[in-house]
Amino acid sequence: DQLSFHPNDTIAEVMVNGVNRAVQVGVEDNTGLFAIKMYGAKVDILVMSPAEYELSKYMNEPAVVDTCNLLLSPMPGTLISYAVKEGDHVVEGQELCIVEAMKMQNILRSARSGVIGKCIGVVGSSVHADEIILEFSSEEQGEEEENKLQQ
């Protein structure tokens, strides 16, 4: 199997199982992937040199971190205020806090319903991108608190 391609081209000539094919190649994205289209199908591929491919065999997959119970700052800035406090029940889309970045106030909203577990960020302090601002209670804690309120 062979490939004739230059990164500035939009069409690549490939040989697959002895048959010449032309495929449409999209622009490389910021992760190094190219979108390849052929016969209506789209596939994202990563083009590597032979040396890169050999070395990639020794790389570990990055650990997947579960952030579903966290509100992370989407950008560096200053935490201006909270619209909620610990123990509050929130619904999807509800305002949680405001982060100011580049003289613009950005309202951060809840991506899910739940109970606020802990407000970690300090109002007036700087936050980095992906820094934890607040965390939701786990599902079990939220259910326990709901049962207490109903009694």
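Kindly provide the chymotrypsin sites (Phe, Trp or Tyr not before Pro) of region 1-73 that DSSP labels as loop, not H, G, I, E or B, and whose Cβ sees at most 11 other Cβ atoms within 10 Å.
TYR39, TYR58
So, taking all protein chains as they sit and a 1.4 Å probe, how much accessible area belongs to LEU72, in Å² rounded to tens?
Approximately 50 Å² of LEU72 is accessible to the 1.4 Å probe.
Just the accessible area for CYS119, please: 1.4 Å probe, Å², rounded to the nearest 10?
Rounded to the nearest 10, that gives 30 Å².
Scan around ILE80 for amide H atoms under 5 Å from its own, H built in the peptide plane at 1.01 Å from N, and keep only partners 5 or more places away or cross-chain.
Sorted by chain and number, the residues that satisfy this are ILE98, VAL99, GLU100, GLY124.
Considering only protein heavy atoms, with the full assembly of protein chains and a 1.4 angstrom probe, order ASP44, ASP29, ASP88 by accessible area, largest first.
Correct descending sequence by accessible area is ASP44, ASP29, ASP88.
Count neighbours as other Cβ atoms within 10 Å of each site's Cβ, and list the trypsin sites (Lys or Arg not before Pro) in region 1-106 that are DSSP loop with at most 10 such neighbours.
Sites meeting the loop and neighbour criteria: LYS57, LYS85, LYS103.
State the dimensionless ratio Rg/Rh of the chain (Rg: radius of gyration of Cα atoms; Rh: Kirkwood radius).
Looking at the chain, the ratio lands at 1.21.
Give me, ordered by chain and number, the residues 5 or more places off LEU70 or on other chains with an amide H under 5 Å from its own placed amide H.
Excluding prolines and chain starts, which carry no amide H, the hits are PHE136.
Given a 1.4 angstrom probe, I'd like the percentage of the accessible area of the chain that is carbon and sulfur, rounded to a whole number.
Carbon and sulfur atoms account for 53 percent of the accessible area of the chain.
With everything on Cα atoms, drop me the angle between helix 139-150 and the longest principal axis of the chain, reported from 0 to 90° to the nearest 10.
30 degrees
What dipole magnitude, in Debye to the nearest 20, does region 55-105 give about its Cα centre under +1 on Lys/Arg Cβ and -1 on Asp/Glu Cβ?
260 debye
Going by accessible area, probe 1.4 Å, with all protein chains left in place, what is the ranking of VAL84, VAL91, VAL19, largest first?
VAL91, VAL19, VAL84
Using a 1.4 angstrom probe and counting only protein chains, how large is the accessible area of ILE36 in Å², to 10?
30 Å²
Counting helices only, and only those DSSP H runs with n ≥ 4, report the 222 nm mean residue ellipticity of the chain as the sum of -39,500 (n - 2.57) divided by its residues, in deg cm²/dmol to the nearest 500.
Rounded to the nearest 500, the figure is -3500 deg cm²/dmol.
For the chain, with the dipole built from +1 on Lys and Arg beta-carbon atoms and -1 on Asp and Glu ones, taken about the Cα centre, which of ALA41, ALA129, GLY87 lies farthest toward the positive end?
ALA41
Amide H neighbours of ILE120 under 5 Å, counting only residues 5+ apart in sequence or on other chains, H built in-plane at 1.01 Å?
LEU134, GLU135
Taking +1 at the Cβ of each Lys and Arg and -1 at the Cβ of each Asp and Glu, which of VAL19, ALA51, LEU96 sits farthest along the dipole of the chain towards its positive end, judged by Cα position relative to the Cα centre?
VAL19
Could you run the Karplus curve 6.51 cos²θ - 1.76 cosθ + 1.60 with θ = phi - 60° over region 125-134 and give me ³J(HN,Hα) per residue in whole Hz, x for Gly and Pro?
Working through the residues one at a time gives 8, 6, 10, 8, 4, 6, 7, 6, 9, 8 Hz.
May I ask you to list the lysines whose Cα is less than 30 Å away from that of LYS85, ignoring any residue fewer than eight positions away on the same chain?
Reachable lysines: LYS103, LYS118, LYS148.
The values are calculated or read from the model by the stated rules, or taken from the named source; none is laboratory data. Since the model is a prediction, treat every value here as computed from it, not as a measurement. Please note: Cβ atoms are built from the backbone with ideal geometry, for glycine as well, and neighbour counts cover all protein chains shown. Note: areas computed on protein heavy atoms with side chains; ligands, DNA, RNA excluded. Shrake-Rupley method; radii C 1.70, N 1.55, O 1.52, S 1.80 Å.
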